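Report on the structure given below.
The values are calculated or read from the model by the stated rules, or taken from the named source; none is laboratory data. All values derive from a computational prediction rather than experimental measurement. All Cβ positions, even for glycine, are placed from backbone atoms using ideal geometry, and neighbour counts span all protein chains on display.
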Amino acid sequence: MNTLLSMKNPFDDSITNFFKQFIENEGWVEWMTIFSCFFVFFFVIAFMFLFKKENRNIGILMLITLIISFILNDFVLKNLFTRDRPFVELGIDPVGFYIDGYSFPSGHSTIVSAGAFSFLFYFLFIEKGKNKTHLAYSIIFIVIALLVVLSRIALLHHYFTDCLMGMFDGALIALIVILIYKYLILKKLKKSHPQNDHIDE
């Protein structure tokens with residue numbers, strides 16, 4: 001597995017080499033660093049939702065998704081694949097916001113995807129698309145997530161496939177958490193409280 005990931009990937013290399021030409025541009029690095037730091041945004045949003053009754057359920061589910069994603073990515077997958085980061089392969093110093101560790105999958109991409117997709121899946125599967133305000137939030141969260149993903153590639157902290165896998169992991173974990181909530185927890189709550197049909201709101 002490690003040998004497979006250490007092999008040169010022409011697609012990854014071409015994208016990395018494209019962004020390499022911008023890495024000495026201080027303005028570019030500054031903006032990408034700002035975008036990179038936005039992964040914290042999803043933890044902040046999850047905690048804020050906990051203090052608002054109508055959003056408490058999604059806040060709890062988002063926080064659970066974020067924690068699972070972080071543990072799985074940083075303590076399991078990264079140590080399983082042990083892929084070096086692009087700037088290490090290129091022999092240059094890291095720039096911008098940087099956390100030490102392996103490259104695959106991207107932790108930032110996993111976190112932001114977990115946050116954005118947990119909200120989107122809650123809107124689709126639990127609220128059944130009824131809350132239009134949450135639709136707007138979902139779009140904003142996905143745009144923020146994509147900006148964070150772009151920044152990780154642009155700063156040469158991750159290869160494209162690192163971020164792609166991170167996005168897949170985060171979205172998959174979010175989907176599993178929301179479906180468990182919908183088909184196990186909500187189902188049991190409705191059976192024990194049949195008079196409360198609005199319990200999924």
Using beta carbons and a limit of 8 Å, which pairs, at least six apart or on different chains, have the first residue in the stretch 73-93 and assigned to a helix (DSSP H, G or I) and the second one surrounded by fewer than 17 Cβ atoms within 10 Å (Cβ to Cβ)? Asp74/Gly101; Lys78/Gly101; Leu80/Met1; Phe81/Met1; Phe81/Asn2; Phe87/Asp93; Phe87/Pro94; Leu90/Lys20
Looking for something among the small types (Gly, Ala, Ser) and at pLDDT below 90 - is there at least one such residue anywhere in the stretch 46-65? no
Pull out all pairs, ordered by first then second residue, where Cβ-Cβ is under 9 Å, the residues are six or more apart or on different chains, the first lies in the stretch 41-60 and is surrounded by fewer than 12 Cβ atoms within 10 Å (Cβ to Cβ), and the second is among the acidic types (Asp, Glu). Glu54/Glu201
Residue satisfying all of: in the stretch 84-99; closer than 17 Å to Ile15 by Cα and charged (D, E, K, R); nearest to the chain's Cα centre (by Cα) among these: Arg85
Whichever residue in the stretch 99-129 is on the phi > 0 side of the Ramachandran plot and in contact with a helix residue (DSSP H, G or I) (Cβ under 9 Å, 6 or more places away or on another chain) and, among such residues, is modelled with the highest pLDDT: Gly101
So, in the stretch 1-30, exactly how many residues are within 24 Å of the chain's Cα centre (by Cα), farther than 13 Å from Ile153 by Cα and at pLDDT 90 or above? 1
Pairs only if they're at least six apart or on different chains, beta carbon under 6 angstrom, first in the stretch 104-122 and without any contact (Cβ under 8 Å) to a residue 24 or more places away in the chain, second surrounded by 24 or more Cβ atoms within 10 Å (Cβ to Cβ); list them, first residue then second. none
Scan Asp162, Asp169 and give me the residue that is of a type in the set (Asp, Glu), closer than 21 Å to Asp12 by Cβ, in a helix (DSSP H, G or I) and under 9 Å from the mean Cα position of the chain (by Cα). Asp169
Hits in the stretch 17-65 - residues which are assigned to a loop (DSSP other than H, G, I, E, B) and either within 30 Å of Phe123 (Cα to Cα) or in contact with a Leu (Cβ under 9 Å, 6 or more places away or on another chain) (or both): Ile23, Phe51, Lys52
Quick check: anything in the stretch 28-40 surrounded by 16 or more Cβ atoms within 10 Å (Cβ to Cβ) and more than 25 Å from Ile142 (Cα to Cα)? no
Conditions (1) within 20 Å of Met165 (Cα to Cα); (2) surrounded by fewer than 19 Cβ atoms within 10 Å (Cβ to Cβ): number failed by Thr65: (2)
Residues located in the stretch 95-122, provided they are touching a His at 6+ places or on another chain (Cβ under 7 Å) and surrounded by fewer than 22 Cβ atoms within 10 Å (Cβ to Cβ): Tyr98
